[in-house]
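Engineer: Below: one structure in structure tokens.
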Amino acid sequence: MLRIDKLTKRFGANTAVDAATLDVDKPAMIGIIGRSGAGKSTLLRMINRLADATEGSITFEGREVTTLTGAAKRAWQSECAMIFQQFNLVPRLDVVSNVLHGTLNKRSTFATMFNLYPTEDIHRAIEILDRLGIAEHAPKRAEALSGGQQQRVAIARALMQDPRIILADEPIASLDPMNAQTVMEALRRIHEEDGRTVICNLHTLDTARRYCDRVVGMRDGRIVFDGLPEQLTTGVAREIYGADASFSEAATSTEIGTLDRAEAAELEAKAFV
Amino acid sequence: MADTTADVPRGVDRIQADYMAMAQRRRLYSFLMLAIFVALMAAGFRTADARNAGGFFDGLHRIFDYPAEVLGEAAQNLTALPGYLVQYLPSLIETLNIAAASTLIGLIGGTLLSLLSTRGLALWPALIPVFRRVMDICRAIPEIVIALVLIFVMGGGPVPAMIAIAIHTSGALGKLFSEVNENVSLKPVEGLASVGATWSQRMYLGVIPQVGPNYVSYALLRFEINIRASAILGFVGAGGIGYELKNTISWGQGRYDQATAIFILLFLTIIVVDQLSGLLRDRLTHGTKA
């Protein structure tokens, strides 16, 4: 389905992504982990064509994506939704308008200027919001919502595109643990119920392990691990993060449970001393 | 509106209906605005056209007649053009001097006025409306009027023009600067206040570094505008390239070739100022490259 072959991105002398090769043959939920600067974002941005690849190819169902231009490129972008760390909504527009932006590829500029979205689209937008549990915020401005709610609006915009692939670039990095859980559960449900491929950059191991079918580890622009969540041992994780023996999973966790366990363990340890 | 806790499936319907009603209202407003805009343009055009000496469409094809005549004469005398460029350089420099001095004085005046009229920064908060009205007055009086009055009092020359433009620039930059000041972070100002700094120290060290790049880009845009303004003031006796332009561009003198040379000089000046301001702003926002 999606095939990435020796994809490389260079910024001047720096190589952000170095000959990344990835093959997705059926819809899956894939987590990409690695520390900041490992090239995770650049990889996703190249798939969405927000960034151009220096070398290599991306093919989706036999169609070459990296060489698309103009309308064909925009059409591909509408099939391949992107979710950002900072939500990237239009803050002063209402929630439903933001969701309707998912249909912009099919609408003319004139129709957009005069808010001429078809009634079915508006109804569908509100249904999607309802599915994500935020329908009651529909008429509010996006900026009036909390971070977790805004991220769900962004997911709704992505769903409005009716995409084949959803790319999520650190979707929970600016959210508190409760909201992070809601957002990750929403992404997982979208994958399970709609059969869409979700590729998700994450910076915590346990999130990747808990929600993903497959985990890809990146380090310094190279893919250094590609396998099942169960294969992701602490040793492998240390290699991905380039960390020494002091690295523990709890230190990167955003789950409430893990933190409790870690703190409990620490307290216990102190009690022994 | 009563906020009933409706059951789940009905709830979505209600939200959809409410939102549709809101969307339709917005569409109606957009179309009303568009209709009013078109109606005003059409009605206004007819009134304005009726007042013209000739009809707009009757005269439309003659729009290029004058430029063609000017360029035609210039083309005949192409060899003399470099000489004219050199000949008018001194008056261009005079015009540039007027523009630069008035921009500089206007920059200082505008900075002071803007700081005194921004909420949260003003030295005397009660006087904010007074300083705002001062800026309004500076902008309201056309610079040509101030220049004419000053020329009458002081006699012709570059100084009246410079003062006139500086007054207008203070008002215009003051307004733009005070908008920039509103977005300033008050944290550094508070930090400086906590060590016992005076108002002018707080402004100079806490505010100016934050707003500097914006100020400079507005001032450079103003410099461009002032070059043109001082050229226009030359028409009323303030000297500079405007005076020469007035003499050469008058119809029937046969000096269109010289007028063309002056236009080329002005055009080149604007390009140079634009390029320089781009460079300078880049330096200010990104710092000098090591």
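Engineer: By how many nm would the segment from residue B:42 to residue B:159 lengthen if fully extended, with 0.36 nm per residue of separation less the alpha-carbon distance?
Structural biologist: Contour length minus Cα-Cα distance gives 37.6 nm.
Engineer: Return B:14, A:49, A:157 ranked ascending by Cβ neighbour count within 10 Å, so the fewest neighbours appear first.
Structural biologist: B:14, A:49, A:157
Engineer: Right, here's the next one. What whole number of Å gives the distance from the Cα centroid of segment A:24-42 to the Cα centroid of segment B:59-80?
Structural biologist: Using only Cα atoms to place each centre, the spacing works out to 65 Å.
Engineer: Would you compute the Debye intensity of the protein assembly as shown from its alpha-carbon atoms alone, equal scatterers and no solvent, and pass along log10 I(q)/I(0) at q = 0.09, 0.11, 0.12 Å⁻¹ to two decimals?
Structural biologist: -1.03, -1.16, -1.20
Engineer: Can you give the mean number of other chain Cβ atoms that lie within 10 Å of the Cβ atoms in peptide A:43-55?
Structural biologist: Average neighbour count from other chains, rounded to a whole number: 0.
Engineer: If you don't mind, another one. Return a whole-number percent for the relative contact order of chain B, with Cα pairs under 8 Å and 6 or more residues apart as the contact set.
Structural biologist: 23 percent.
Engineer: Right, another one. Where both partners of a DSSP beta bridge lie in the protein assembly as shown, what percent of those bridges are antiparallel, to the nearest 5?
Structural biologist: Close to 55 percent.
Engineer: Hey, how many Å between the Cα centroid of segment A:1-23 and the Cα centroid of segment A:190-232?
Structural biologist: Centre-to-centre (Cα) distance: 17 Å.
Engineer: Can you work out ³J(HN,Hα) from phi for every residue in segment A:169-181, in order, using Karplus 6.51 cos²θ - 1.76 cosθ + 1.60 and θ = phi - 60°, giving whole Hz and x for Gly and Pro?
Structural biologist: Once θ is set to phi - 60°, the couplings for segment A:169-181 become 9, 6, x, 10, 5, 9, 10, 6, x, 4, 5, 4, 5 Hz.
Engineer: Quote the FRET efficiency, to the nearest 0.05, computed for residue B:271 versus residue B:33 with a Förster distance R0 of 25 Å and r equal to the Cβ-Cβ distance.
Structural biologist: So, using R0 = 25 Å, E works out to roughly 0.05.
Engineer: Turning to a different aspect of this structure: For B:17-27, what's the mean count of beta carbons from other chains sitting within 10 Å of each residue's beta carbon?
Structural biologist: Counting Cβ atoms of other protein chains within 10 Å of each residue's Cβ and averaging gives 4.
Engineer: Taking the Cβ-Cβ separation of residue A:192 and residue A:10 as r and a Förster radius of 56 Å, what is the calculated FRET efficiency to the nearest 0.05?
Structural biologist: 0.90
Engineer: Here's another thing I want to ask about it. Leaving out same-chain residues fewer than 8 places away, which aspartates and glutamates sit with a Cα under 12 Å from that of residue B:175?
Structural biologist: Output for residue B:175: B:136.
Engineer: Something else about it: Which shape class, rounded, prolate or oblate, goes with segment B:222-272 when its Cα gyration tensor gives a ≥ b ≥ c as root eigenvalues, a/c under 1.5 marks rounded, and past that a/b bigger than b/c marks prolate?
Structural biologist: Oblate, because a/c is 1.5 or more while a/b does not exceed b/c.
Engineer: So what's the projected area for segment A:5-151, the Cα convex hull averaged over all directions, in nm²?
Structural biologist: Answer in nm², one decimal: 10.8.
Engineer: Cα-based Rg of segment A:39-89 per 2.2 N^0.38 Å, rounded to two decimals?
Structural biologist: Compactness ratio reported: 1.13.
Engineer: How large are Rg and Dmax for chain A when only the alpha carbon atoms are used, in Å?
Structural biologist: For chain A, the Cα radius of gyration and maximum Cα-Cα distance read 19.6, 71 Å.
Engineer: What residues have an amide H closer than 5 Å to that of residue A:197, excluding those fewer than 5 places away on the same chain, when H is modeled at 1.01 Å from N in the peptide plane?
Structural biologist: Here the answer is A:28, A:166, since their amide H atoms fall under 5 Å of that of residue A:197.
Engineer: Given R₀ = 56 Å, FRET efficiency for residue B:50-residue A:228 by Cβ-Cβ distance, to 0.05?
Structural biologist: Efficiency computed from Cβ-Cβ geometry: 0.10.
Engineer: Here is a follow-up. Based on the Cα coordinates of segment A:126-199, what is the per residue volume of their convex hull in Å³?
Structural biologist: 85
Engineer: What Rg and what Dmax come out for segment B:8-50 when only alpha-carbon atoms are used, in angstroms?
Structural biologist: 18.6, 63
Engineer: Can you list, bin by bin at 10 Å, the percent of alpha carbon pairs in chain B, starting at 0?
Structural biologist: 6, 18, 19, 22, 18, 11, 5, 2, 0
Engineer: Filter the DSSP H helices in chain B by two things, a Kyte-Doolittle mean of at least 0.5 and an axial alpha-carbon span of 30 angstrom or more, and list the hits by number.
Structural biologist: B:89-116, B:158-182, B:208-233, B:256-286
Engineer: Could you line up B:150, B:173, B:40, B:221 from fewest to most neighbouring Cβ atoms inside 10 Å?
Structural biologist: B:40, B:221, B:150, B:173
All of the numbers you see were taken from the coordinates with simple rules; none came from a lab. Because the structure is a prediction, the values reported are computed rather than measured. Heads up, the Cβs are rebuilt from the backbone with ideal geometry, glycines too, and the neighbour counts pull from every protein chain shown.
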